[in-house]
Amino acid sequence: MARGVKRQSFVYEIDQEDNAGTIGVIARMLVSMDAFNVGDEDDQVTASTVTSSPLIKAHISLTKNKREFGIRPRYALLEFSGTPEEAACYGATPKRYVEMPILTFVQFGALNIYDDVVGGDQDATTLKVNHSYDGTKSLTYKIRDLVLQIRN
C-alpha cells in the first residue's frame with residue numbers, strides 16, 4: 001500500500017471541557033499525516049482553521065506504547081471491507097484496519113460509527129484513505145470506532 005508518501009504536518013486542535021461542560025480548543029499542536037487524506041470533501045479529514053489558540057510547535061502521534069506520556073490524538077478506526085478488484089491501487093494490497101487522526105473536534109463529533117445491521121449508505125460513516133503516490137486513487141473505509149483524545 002502506498003499510503004503516507006506525501007507526509008505533511010497539519011494543525012491538530014487540543015480540546016478541553018471547562019467546568020460548565022463547554023468544549024473548546026485550548027491549544028494547537030502538529031500531527032504528521034498523508035496530505036491527500038486531508039481535504040474539503042465530506043469523506044475526508046477536515047483541516048483546522050482555528051487561529052485563536054496558541055500553537056505549540058511539537059508533534060503528537062498515534063502510538064500503541066502505553067508507557068509513553070503525552071497527548072494521543074482523537075482518531076477514527078477505519079476498516080476496508082471492499083472487494084479485491086476495488087483494492088487494486090497500483091498493485092498494492094490495502095491494510096484492513098487504519099487509524100486516522102481527526103484534526104478538529106467539530107468533525108469528530110459529526111462522525112458516526114457504521115452500523116452493519118442498518119447497512120447501505122449512512123451519513124458520516126466513511127472516510128477516504130489515499131492509496132497512491134499522487135493522490136489520484138483512494139479507497140473508502142467504514143468507521144468502526146471513534147476514540148477520544150487521551151492526555152496522560
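Throughout, read-outs are computed from the coordinates displayed, never taken from laboratory work. Note that the coordinates shown come from a computational prediction; the quantities given were computed from them, not determined experimentally.
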Candidates SER52, SER32, SER61, ranked by Gaussian network fluctuation over the chain, Cα under 10 Å, top entry: SER52
Three semi-axes of the equivalent ellipsoid, the stretch 95-152, Cα gyration tensor, whole Å, largest first: 20, 18, 11
Proximal lysines to LYS6, defined as alpha-carbon separation beneath 17 angstrom and excluding residues fewer than eight positions away on the same chain: LYS128, LYS137
Kirkwood hydrodynamic radius of the chain, Cα pairs, Å: 16.4
Among ALA47, ALA58, ALA124, residue whose mean-square fluctuation peaks in a GNM of the chain (springs only between Cα atoms under 10 Å): ALA58
Residue among THR63, THR126, THR140 with the largest mean-square fluctuation in a Gaussian network model of the chain, springs linking Cα atoms under 10 Å: THR63
Relative contact order of the chain, defined on C-alpha pairs under 8 angstrom at six or more residues apart (%): 28
